[in-house]
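Bear in mind that the values in this text are calculations on the coordinates, not laboratory data. Predicted, not measured: the structure shown is a model, and the values here were computed from it. Cβ placement follows ideal geometry from the backbone for every residue including glycine, while neighbour counts extend to all protein chains displayed.
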Amino acid sequence: MKKSGLTDSELLLLGLVAEMPRHGYELELVIEERGMREWTQIGFSSIYFVLGKLEKAGLVLAEAPAGSKARKTYSLTALGRETLVAQALELLGSFRPTYSSALLGMVHWPLMPRTEALAALRNRLQMVSAEMERVEGIRCERQPLPDFVEALFDFLAGQLATEKAWIAQTLDYLETKP
Amino acid sequence: MDLTKDRKKLKELYLPDTEDFVLVDVPDLFFAVVDGEGSPEEEGASAAIHHLFKTIYPIRREARKRMGKSFVEPPPEMLYWADDMRDLPLGNKERWKWKAMVVLPDWADESQFSVEDGNAAPTVRAERFKEGLCAQIMHVGGSQGIPTLLERLYTQYLPQQSLVPAGAYHEIYLDDWHRVAPEKRRTVLRQPVRFVGA
């Protein structure tokens, strides 16, 4: 595979086409339904642009049935499947640490006025709690989900829970510190 | 019966062979159920299944926590019948009645259902029932392939075994139709039966 492979939106679209052949508009609906816009940059107009790129690269096949108003159906090619599987394996199998904005804020703790810094942490705690509720709400709304998607939500929920515990513990310590 | 503790039975009931119909004994199981009428292909049935799974979400969540790696995803199931049972093989779907169901763990009860704020939602209830002797087969493919199989069941397999239908026709959907192409979808087709004269 060449360079760093597919972009996030290319990978996602390829995955949706891999499930079953779909039209562009159908892809738009699925992206909306699964809330994929939350974690990828993919606009409505860019769907067709990305599909065009995938088609040119030989990863998807676009077929327009006869008829004046017929819409193109996109399906996965063998090369597309191979590329998708290779990249998904690569993403799942390698770990790249990501750093939270909390670290870049926290590292300047001595510079910030104490009350404001504590208030900022409390605010962060509230935001994390709200996010936990939101994610849980989405998870319930999308039931039933296949187990691998549940695992994905477990990951998100676990990260948020860890962050929440960290803030609570840190706040507790810093508030008590003489 | 808690099927997750008997993997052999679980496989026997939910992963039958695609080759031919087989007879199985379906034990007493515990379900969350929504009732409906009319063609299952219309919006009503898929809305019922979605509502059903939302309602049991707290139970599913608790089950995943309690059971860890031994948790098994319960698939959506549908029972179909009609006042005149001939409407079933004839495909007069507007006269069909159905139940959308999902298996619940034994410790669950209705007090653990999530509560919907809207009142338009259909009622979900917990129900225990036993299908007993059933003929079943795994169908892989779209729903257009099902009538041929059912014809084989009702006109060949059952008469050859001296069996007659005895209860609502049952389908179990093992794949998410939003994510799996029609030709790859697995559906268990199940028909409760009894021996002629029994």
Check your understanding: Can you give the charge dipole size of chain A about its Cα centre, rounded to the nearest 20 debye, using +1 on the beta carbon of Lys and Arg and -1 on the beta carbon of Asp and Glu?
Key -> 540 debye
**Study point:** Using alpha-carbon coordinates, inclination of helix B:43-55 to the longest axis of chain B, degrees
**Key:** 40 degrees
**Study point:** Residues listed by number, the range B:28-50, amide nitrogen under 20 Å from residue B:83 label point at 7 Å toward C-beta
**Key:** B:35-40
Exercise for review: Putting +1 on Lys and Arg Cβ atoms and -1 on Asp and Glu Cβ atoms, find which of A:145, A:132, A:92 reaches farthest to the positive end of the dipole of chain A.
Suggested key: A:92
Practice item. Taking a cut-off of 21 Å between Cα atoms, list the lysines near residue A:53, but don't count ones fewer than 8 places away on the same chain. Key: A:2, A:3, A:72
Exercise for review: Report the relative contact order of chain A, percent, no decimals, based on alpha-carbon pairs under 8 angstrom and at least 6 residues apart.
Suggested key: 19 percent
Check your understanding: Hey, what number do you get for the protein assembly as shown at 222 nm if only DSSP H runs of n ≥ 4 count, each worth -39500 (n - 2.57), divided across all residues, to the nearest 500?
Key -> -13000 deg cm²/dmol
Exercise for review: Rounded, prolate or oblate: pick one for the range A:101-176, where a ≥ b ≥ c are the square roots of the eigenvalues of its C-alpha gyration tensor, a/c under 1.5 means rounded, and failing that, prolate if a/b is larger than b/c, else oblate.
Suggested key: prolate
Point to revise | Dipole moment magnitude, nearest 20 debye, the range B:1-138 about Cα centre, only Lys, Arg, Asp, Glu C-beta charged | key: 740 debye
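Run the dipole for the protein assembly as shown about the Cα centre, Lys and Arg Cβ at +1, Asp and Glu Cβ at -1, nothing else charged, and hand back the magnitude in debye, nearest 20. Before the final figure, lay out each step's value.
On the way: 47 positive and 55 negative charges, 213 e Å.
That gives a dipole near 1020 debye.
Can you tell me the length gained on complete extension of the stretch residue A:138 to residue A:90, counting 0.36 nm per residue apart and subtracting the Cα distance?
Full extension of this stretch gives 14.5 nm more.
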**Study point:** Derived scalar couplings ³J(HN,Hα) [the range A:156-168; Karplus, 6.51 cos²θ - 1.76 cosθ + 1.60; whole Hz; x for Gly, Pro]
**Key:** 4, 5, x, 4, 5, 5, 5, 5, 4, 5, 4, 4, 4
**Study point:** Residue among A:42, A:52, A:70 farthest towards the positive dipole end of the range A:33-73, charges placed on Cβ
**Key:** A:70
Check your understanding: Between residue A:75 and residue B:152, what FRET efficiency follows from the Cβ-Cβ distance if R0 is 35 Å, with the result rounded to 0.05?
Key -> 0.65
**Study point:** Inter-label distance, nm, simple model (7 Å from Cα along the C-beta direction), residue B:93/residue B:140
**Key:** 2.5 nm
Check your understanding: If you find the alpha carbon centre of the range B:36-79 and of the range B:131-198, how far apart are they in angstrom?
Key -> 20 Å
Exercise for review: Count the lysine pairs in chain B whose Cα atoms sit under 21 Å apart, keeping only pairs 8 or more residues apart in sequence or on different chains.
Suggested key: 14
Practice item. Take chain B, connect every pair of alpha-carbon atoms lying under 10 Å apart with a spring to form a Gaussian network, then pick out the residue of B:14, B:80, B:57 with the largest mean-square fluctuation. Key: B:57
